[in-house]
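**Student:** Once you've had a glance at the structure underneath, I'll fire off some questions.
The values are calculated or read from the model by the stated rules, or taken from the named source; none is laboratory data. Not measured: the values here are computed from a predicted model. For neighbour counting, all protein chains shown are included, and Cβ atoms are generated from backbone atoms with ideal geometry for every residue, glycine included. Only protein heavy atoms, including side chains, enter the accessible area calculation; ligands, DNA and RNA are left aside. Shrake-Rupley method; radii C 1.70, N 1.55, O 1.52, S 1.80 Å.
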Amino acid sequence: MKPRRLKALFKRELRDILRDKKTIIMMIVVPVLLYPLLIIGMTLLMTAIISGQEEKTYRVAFYDDKESGLSDKIEHIIKEADDDELTYDIKIVKKSWDGEQEYTDALDNDEIDAYAKQEDDGSIDICYLSARTDSETAAYGLRDVFALYRDELRRQRIEGAGLDVDEIFYPVEYELEDKSSTEESLGNRIGSFLPFFIITVILLGAIYPAIDVTAGERERGTLETLLTLPVTNLEMIMSKFLAVSVIACVTAMLNVISMGGAVAFLVMSSLNSLSDLNISIDLSMFVPGILFTVIVMMCFAMLVTAVCMCVCIFAHNFKEANNYITPVMLVFMFASYAAVLPALELNARTAAIPVINVSLLVRELFKFNYDYTLFLVVLVSTVAYSLIAVWVLAHIYNSEDVLFSEGFRNVRIFERRRDMKKGQIPGTGDVLLLLSVTLLLMFYIGNYAYMKLGIGGVAIQQAIVLIMPLLFAWYMKTDMRSLFRFKKTGISKFIGGVLLGAGAYMFATLISILLSPVFSRSVENTQALDELINSAPLPLLILTVSLMPAIGEELMFRGFTFGTLSARYRAVYAVVITAVLFAAYHLSVIRFFALMPLSLALTYAAYKTDSIYVSMLMHLINNSFSVIQARYTDEIGRLIPFLSEEAPGSGGIIMLAAAGAVLALPGIYLLKKSYLKKPGQN
């Protein structure tokens, strides 16, 4: 990669982006003009509304007041009350109506805002219309008046009994004394909402340029021309990446400066109006947090840019790219809410979680909690994720299969079945749609069935997983034998698959043991399944927890998913993506990492043997052994001690790793001996 060519490409990309009026609007017009108007204008408007509500006079009436004389007593309370005790101005309407219905009609006709009536037991009902703001405000004000009236009655009765009112009402006096400085209190409030704002504006700053340099190039028909230039694909993609990152950083900086100026204006205005309270703020204390936040923003902008470009490159036009980027934006925005959760802290576990770590770091900076070790972890991990995303992006640009494929655009399931061709391969969009629909069915129908039927509900869950890929494939007239790999293979391949699966099980157990202290909550969430395994009959468990998943999940992942991906992308991409999707499908952090060895082993076996029956057998043996181990923990512990220890020492860990390698390596050897015919060979 030559710096001179990269510089020239960078200038070209930056110039093209800045020519787009939408980018200029998002970068300059919105932050410089709109945010101050929104923040200051809305604050002044709300202040005016609240002030207008306090100055307005609210009309109230009393039903059946001739006998109780309640209105006179309340009128006296209103006259004697201080401004601090009653916020709203309340006027008592002395007009009398016949019957409560006429009072209700007067309320409906806006002749009064609320009315009160005293029941036979002495309780008082305040009647109002919640659909009308003035009526609701009048009811709240009248409620405060009755609270003062209640306190006055208490005082009179206590004094009548010859007791000291203050001793009865206030036997203990207490006051709140805030030991936090004004800067700490302000920083805590700013730190709770600022991360969401920063992440959002970086997203908005990166999305449109990312779409323009990827899908925009395709839509304008200039992508093919760019690929013919005398530059490497890495130089081209790096120039696009750097240009979009610069735009995202500048946009975020302008937004933060604009909003920060508006907030500072409001804070200083409030302090000037409260000058008699002698409150001051040392703004210089926020300088280190602001500077470090800027550094974090620059690193995070690179990650956002790389992710957005990775997604948008599959789109063929601007509209399609917007559809693809929406889920990404929702994920990032949802993760930014981490700063609002008080129980979630920046520690060794959260410092490496993308997006969440940035949100928590900004919050800690403005709370003046400086842990430079954690700050370094956040920065290094964010940069590492950015580099990984850029590496993926570079490989996408180097792959013509991906760059010029139909990508996510083709979701064939939406076509009419009579228009479909027999033997076609599903699109990548069909895979995503299948997984999404299946997860929704599992969430609503499967979970409900599990809660109601127990082990029967598990069978329903697995039936959903089994039926959905077959239903999709049938509707699209897919060649079932080719897509799902319903093909015979040699006995040696089954032996190789079983050995590889056993080795993967050892590595999965090792990962579970190592990660259990870190993800203790995820471990606790699996206890319900353990209780089910210990209570249900073993043959039924083997059927529902071992056999049905071995068939259904293999049809879903090693069949429909891997069959679709392997027909479009290089084998290594198809294997890795399928393995990640299978591990993520189980919706557990610790199981994601623990299942990765097994998932890779299953997918690798399906690829090398070109037969789904091998991975089904591997899956069946793995699940069956897991059930037996959970059911007969003590017995398995005596047979294989290092496999059943919850916290094995270094010796047990070495034994697990060694056993995994001893089993997996011969399995890989047997599988690699399988000979797959290339297209066109006889």
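**Student:** From the list Leu538, Leu547, Leu565, which residue is more than 23 Å from Lys487 (Cβ to Cβ) and not small (Gly, Ala, Ser)? If you could, list the steps in order and put the result at the bottom.
**Tutor:** Numbers: Leu547 fails: more than 23 Å from Lys487 (Cβ to Cβ); Leu565 fails: more than 23 Å from Lys487 (Cβ to Cβ).
The match here is Leu538.
**Student:** Can I ask one more? Could you tell me whether Tyr208 is hydroxyl-bearing (Ser, Thr, Tyr), open to solvent by 80 Å² or more (accessible area, probe 1.4 Å) and in a helix (DSSP H, G or I)? Break it down into steps so the answer makes sense when it comes.
**Tutor:** Values: hydroxyl-bearing (Ser, Thr, Tyr): yes; open to solvent by 80 Å² or more (accessible area, probe 1.4 Å): no; in a helix (DSSP H, G or I): yes.
No.
**Student:** Continuing with this model, one more query. Contact list please: Cβ distance under 7 Å, first residue in the range 499-527 and at pLDDT below 70, second residue open to solvent by 60 Å² or more (accessible area, probe 1.4 Å) and in a loop (DSSP other than H, G, I, E, B), pairs at least six apart or on different chains.
**Tutor:** Val518/Arg349
**Student:** Next question, about the same structure. Pairs under 8 Å by beta carbon, first residue closer than 25 Å to Ile353 by Cα in the range 300-325, partner charged (D, E, K, R), six or more apart or different chains?
**Tutor:** These pairs meet every condition: Met309/Lys240.
**Student:** Could you tell me whether the range 550-558 includes any residue that is open to solvent by 20 Å² or more (accessible area, probe 1.4 Å) and modelled with pLDDT of 90 or more? Full working, then the answer.
**Tutor:** First, the residues of the range 550-558 that are open to solvent by 20 Å² or more (accessible area, probe 1.4 Å): 551.
When the remaining residues are screened for being modelled with pLDDT of 90 or more, the result is 551.
Yes, there is a match, as at least one residue in the range 550-558 is open to solvent by 20 Å² or more (accessible area, probe 1.4 Å) and modelled with pLDDT of 90 or more.
**Student:** If a residue has to be farther than 20 Å from Leu602 by Cα, of a type in the set (A, V, I, L, M) and surrounded by fewer than 18 Cβ atoms within 10 Å (Cβ to Cβ) to count, how many in the range 465-498 make the cut?
**Tutor:** Qualifying residue count for the region: 2.
**Student:** Next question, about the same structure. Being surrounded by 16 or more Cβ atoms within 10 Å (Cβ to Cβ), in a helix (DSSP H, G or I), modelled with pLDDT under 75 and hydroxyl-bearing (Ser, Thr, Tyr) is the filter here; which residues of the range 623-682 pass it?
**Tutor:** Ser644
**Student:** Please find, within the range 98-131, the residue that is nearest to Arg150 (Cα to Cα) out of those that are hydrophobic (A, V, I, L, M, F, W, C), in a loop (DSSP other than H, G, I, E, B) and open to solvent by 40 Å² or more (accessible area, probe 1.4 Å). Don't jump to the end; show me each part of the working.
**Tutor:** Within the range 98-131, the first condition is being hydrophobic (A, V, I, L, M, F, W, C), and the residues that meet it are 106-107, 112, 114, 116, 124, 126-127, 129, 131.
The next check asks that each one be in a loop (DSSP other than H, G, I, E, B); those that pass are 112, 129, 131.
Narrowing the set further to residues that are open to solvent by 40 Å² or more (accessible area, probe 1.4 Å) leaves 129, 131.
Values: Leu129: 24, Ala131: 28 Å.
If we take residues in the range 98-131 being hydrophobic (A, V, I, L, M, F, W, C), in a loop (DSSP other than H, G, I, E, B) and open to solvent by 40 Å² or more (accessible area, probe 1.4 Å), then Leu129 is nearest to Arg150 (Cα to Cα).
**Student:** Considering only residues that are of a type in the set (D, E, K, R) and open to solvent by 20 Å² or more (accessible area, probe 1.4 Å), which ones fall in the range 428-462?
**Tutor:** Lys452
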